[in-house]
Amino acid sequence: MAKFKLRTIEIEGFRGYNALEKLDFSKPITVLYGRNGVGKSSTLTAIEWCLFGDVAYIMHLEGRSRDELVNQFAPAGVAKVKLHVDDGSTTYEISRSKKIGSTKTEFKIVGKDREYQDEEAEQKLFQIFGVTLDDFIRATYLHQESIRGLLVEEAASRDEAMDRLFGLERIRNIIES
């Protein structure tokens with residue numbers, strides 16, 4: 001499987017981002033830093049939502065409308081995220097947008113040969129990267145929390161951390177039920 005690099009991200013109307021912001025990740029190292037509330041987590045969440053159309057920490061909330069991702073002050077009432085990723089030979093433009101009040105998102109991947117929309121784009125995304133939302137969450141979010149749990153928590157918390165790290169929490173829930 002090819003290694004991909006995130007080159008740029010454009011975020012507009014998504015969570016704390018109101019106006020269009022473009023971030024360049026083409027340097028060898030990119031560090032996002034700042035005080036609480038300036039958009040570090042929103043940037044990572046924007047990548048997650050653009051790729052998978054959902055966000056782990058809100059996807060199981062009852063009564064959610066998915067409008068919680070759209071900035072209420074966005075002039076067009078639309079959340080938009082666009083990523084440019086490449087593997088050294090091919091650059092893909094991956095974009096997702098959602099209008100406030102709509103339950104659907106528009107998802108598009110533009111490759112060197114053609115453009116993919118919605119369901120076909122979802123299939124293409126998996127073909128390109130070979131990861132699911134669960135894989136992304138485990139690789140991106142869970143390591144810090146799980147490692148802390150392994151080091152400082154009691155046995156039950158260590159077991160839960162191991163389950164999250166290896167994707168076994170659903171099996172544990174079934175067994176406990």
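The values are calculated or read from the model by the stated rules, or taken from the named source; none is laboratory data. Source: prediction; values computed, not measured. In this analysis, Cβ positions are derived from the backbone assuming ideal geometry, glycine residues included, and neighbour counts consider all displayed protein chains. When the accessible area is computed, the model is the full protein with side chains, heavy atoms only, and any ligands, DNA or RNA have been set aside. Shrake-Rupley method; radii C 1.70, N 1.55, O 1.52, S 1.80 Å.
Could you list, in sequence order, all residues of the stretch 17-34 that are at pLDDT below 85 and at negative phi? Passing the criteria: Pro28, Ile29, Thr30, Val31, Leu32, Tyr33. A single member of Tyr17, Tyr33 is more than 23 Å from Val131 (Cα to Cα), assigned to a loop (DSSP other than H, G, I, E, B) and either in contact with a Cys (Cβ under 7 Å, 6 or more places away or on another chain) or open to solvent by 100 Å² or more (accessible area, probe 1.4 Å) (or both), and it is Tyr33. Restricted to the stretch 91-150, and to residues there that are at pLDDT 90 or above and among the small types (Gly, Ala, Ser), the residue that is farthest from Ala79 (Cα to Cα) is Gly111.
Scanning the stretch 94-142 for residues that are of a type outside the set (Lys, Arg), open to solvent by 50 Å² or more (accessible area, probe 1.4 Å), within 16 Å of the chain's Cα centre (by Cα) and more than 30 Å from Asp163 (Cα to Cα) turns up just one, Glu106. If you check Ala46, Ala79 for being open to solvent by less than 40 Å² (accessible area, probe 1.4 Å), at pLDDT 85 or above, touching a Lys or Arg at 6+ places or on another chain (Cβ under 6 Å) and not basic (Lys, Arg), only one passes: Ala79. Among residues of the stretch 98-109 that are more than 18 Å from Glu120 (Cβ to Cβ), those with a beta-carbon under 8 Å from a residue that is basic (Lys, Arg) and surrounded by fewer than 18 Cβ atoms within 10 Å (Cβ to Cβ) at least six positions away or on a different chain give the pairs Lys98/Lys104.
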